[in-house]
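Notes for the one structure printed next.
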Amino acid sequence: MVRYFSIILTLLVVLIVSIAGLRGCKTKRPPIEIFPDMVRQDKVKSQVPSDFFADGRGNRQPVVGTVPLGYAAPSSSKMSSADGSDSVMGGAYNAVIFSGSEGYADTGKVGTNWGTGIPFPVTKETLERGHDRYEIQCAVCHGSTGTGNGIATKYGLVGVANLQQQRLRDMTDGEIYNTVANGKNTMLGYGGVIQVPDRWAIVAYVRALQRSQNATLNDVPDAERASFQPTNAPVTTPAPSKP
Ligand code: HEC
């Protein structure tokens, strides 16, 4: 009886020491993997050489004709609208170089600072296009006037920025462009669904929205100003009609 007990005890001690006793020892050998699962796989990691391809590079060149995110295919110099008619953005596509470059039109930055200005001439069509895109992509959260009261806030979305606040009025166009493309804090980026010229058209429209909620009589063209003059006539309430 004692014999069996001492044998079992010895085996147990050996077992415990062999599993736990060597903890703290340093070894260059890989750890014992009881369930390796998918720890090691045949896969290509970015920026890492691979002997799978003949040229020894893991990274592959994009397929010829690949269109970077945010651009139309180079052949279409125009933007077609939802109803299929061409030229909604006029020459905007030609102005925004098809490159995915580090330039202002692509990044909103001049060097390391945010730049300002729309990188192509803003026409009525640009603003209409911006309005159209804003209503689709932004108004759900920011509201049609940009005050941050879009329909999503009625369903509990909190923290939507009011685009009419002074800080965002003073913000450069480039930084707003970047927010549209890449998002900011809790707002996701929309670069994947809004092409570069449309992002700028939206920025132009946001500027128009900000003006619209902060306009004075001086913003009205001379010719039309008369129709906006406040009347000094006292407000008269019509006498209640006697039955
Ligand atoms: C799903 C809701 C949602 C949509 C859609 C959305 N935004 Fe936002 N946006 C937010 C929220 C939330 C914030 C506040 C982010 C923060 O500061 O935490 C914000 C912030 C901003 C800001 C301020 C960023 C800053 O620097 O403080 C700008 C400008 C802006 N959005 C523009 C846009 C434009 C333009 C669009 C359309 C392309 C758009 N947003 C679409 C939710 C949204």
> Going through the stretch 167-195 one residue at a time, which ones are within 8 Å of the chain's Cα centre (by Cα) and within 6 Å of the ligand (Cβ to nearest atom)?
Replying inline: Thr179, Val180, Lys184, Met187, Tyr190
> Applying the selection to the stretch 142-189, what residues are over 30 Å from Glu102 (Cβ atoms), assigned to a helix (DSSP H, G or I) and touching a helix residue (DSSP H, G or I) at 6+ places or on another chain (Cβ under 9 Å)?
Replying inline: Ile151, Ala152, Thr153
> Of all the residues that make up the stretch 122-141, how many are out of contact with any helix residue (DSSP H, G or I) (no Cβ under 7 Å at 6 or more places or on another chain), closer than 13 Å to Ala204 by Cα and not in a loop (DSSP other than H, G, I, E, B)?
Replying inline: 4
>> Test of understanding: among Leu11, Leu69, which residue is over 30 Å from Pro121 (Cα atoms) and either at pLDDT below 85 or surrounded by 10 or more Cβ atoms within 10 Å (Cβ to Cβ) (or both)?
In response: Leu11
> Quick check: is even one residue across the stretch 158-166 crowded, with 19+ Cβ neighbours inside 10 Å, of a type outside the set (Val, Ile, Thr) and under 18 Å from Asp106 (Cα atoms)?
Replying inline: no
> When the stretch 121-150 is examined, which residues are found to be surrounded by fewer than 18 Cβ atoms within 10 Å (Cβ to Cβ), closer than 17 Å to Val196 by Cβ and near the ligand (Cβ under 8 Å from one of its atoms)?
Replying inline: Gln137
> How many of the residues in the stretch 151-166 are in contact with a Ser or Thr (Cβ under 8 Å, 6 or more places away or on another chain) and within 7 Å of the ligand (Cβ to nearest atom)?
Replying inline: 3
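The values are calculated or read from the model by the stated rules, or taken from the named source; none is laboratory data. Computed from a predicted model, the values in this text were never measured in an experiment. Reconstructed Cβ throughout: ideal geometry from the backbone, glycine too, with neighbour counts over all protein chains shown.
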